[in-house]
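Chemist: Here it is: the structure, laid out below.
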Amino acid sequence: MNPRKLGFGKIALGVVLLATCGGGESGETGGTGGITSMRSGGSGAMPMVSGKGGAAPAGSGGEGGVSGAAGAPAAAISGSCDPKFLAPFCENAGGQKLRIVGFDDKRYAATPTLAEVRKFALDAVNAIRARTCLPALTADDCLDKIGTTANEAVKTLGIHGYFKANCMNSAYGFGKSCECNWTQENYGAASGGSRTWKDGIIVPLCGMMEEPKGQGHRGNIESSEWKRMGSGVTWTSSGAGWCHEFGR
């Protein structure tokens, strides 16, 4: 299932690669959104503009989702997992909506705090990781702060601009000696139509999982190297734009 073929707004898939940092985009009209990741090597593409969001006060995280203790597999969605599982991770939820199979997004507040949005994002990523028996990532305050700065910097530096300036370059060993053991970044955004802030997170994640296993955004989401994740996010009632920061 490909969100680009289901009319899911301007959902563009691609990877910004270090060698060329090339540009380009693809997608369809109707709503806005995009996803990119930053990985070293190769050549390729792709800036995209996020849906605009609003700030929210920090607060305690909500309950729900699929998550687990560090070093142990995330809770299996249906009581089992398969390391060789390839697809599908998502299913059509009607209209411009997708859902991660087995992930109960109804357990999260319609009007969330920043902490609840971050918890939702982490639980969604861990629900995907659970399908292939990968350990759950843990929340990290330092990576949250980096994500907030990186997401805000998209306005001035472009997508991955902060990451390239502060981690993915020779001064930092191309992601090997960055602050907080920060190593990789995924960016995504979706908004418009009948979407909610949850769709602004879920729709790009589902698009990322359409990529080949081990590559691009999916490679970051399914990596066994990363142990922690932080998020920087802006959102409204009809979408979200975010940076997911991964660390060892």
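Chemist: Arrange the following residues from fewest to most other Cβ atoms within 10 Å of their Cβ: Glu152, Glu116.
Modeler: Listing Glu152, Glu116 from fewest to most nearby Cβ atoms yields Glu152, Glu116.
Chemist: Fewest Cβ neighbours within 10 Å first, please rank Trp197, Trp226 accordingly.
Modeler: Trp226, Trp197
Chemist: If I model a spin label at Glu179 and Ser224 as a point 7 Å from the Cα along the Cα→Cβ vector, what separation in nanometres do I get?
Modeler: Going by the 7 Å Cα→Cβ label model, 3.2 nm.
Chemist: For region 134-156 and region 169-248, write down the distance between their C-alpha centroids in whole Å.
Modeler: Cα centres, region 134-156 to region 169-248: 9 Å.
Chemist: Placing +1 at every Lys and Arg Cβ and -1 at every Asp and Glu Cβ, with all other atoms neutral, what dipole size does region 113-164 have around its Cα centre, in debye to the nearest 20?
Modeler: Roughly 200 debye for region 113-164.
Chemist: Then there is this: Sort Leu114, Leu157 by Cβ crowding within 10 Å, fewest neighbours at the top.
Modeler: Placing the least packed residue first, the sequence is Leu157, Leu114.
Chemist: Distance cut-off 27 Å, Cα to Cα: go down the list Lys97/Lys145; Lys106/Lys164; Lys119/Lys213; Lys176/Lys198; Lys97/Lys213 and report the pairs above it.
Modeler: In this structure, Lys97/Lys145; Lys106/Lys164; Lys176/Lys198 lie more than 27 Å apart at Cα.
Chemist: Then there's this: Highest mean first, how do 178-184, 198-204 rank when packing is the count of other Cβ atoms within 10 Å averaged over residues?
Modeler: Output ranking for 178-184, 198-204: 198-204, 178-184.
Rule-based calculations on the coordinates, nothing more; no lab input. Computed from a predicted model, the values in this text were never measured in an experiment. Note: ideal-geometry Cβ built from the backbone for every residue, glycine included; neighbour counts use all protein chains shown.
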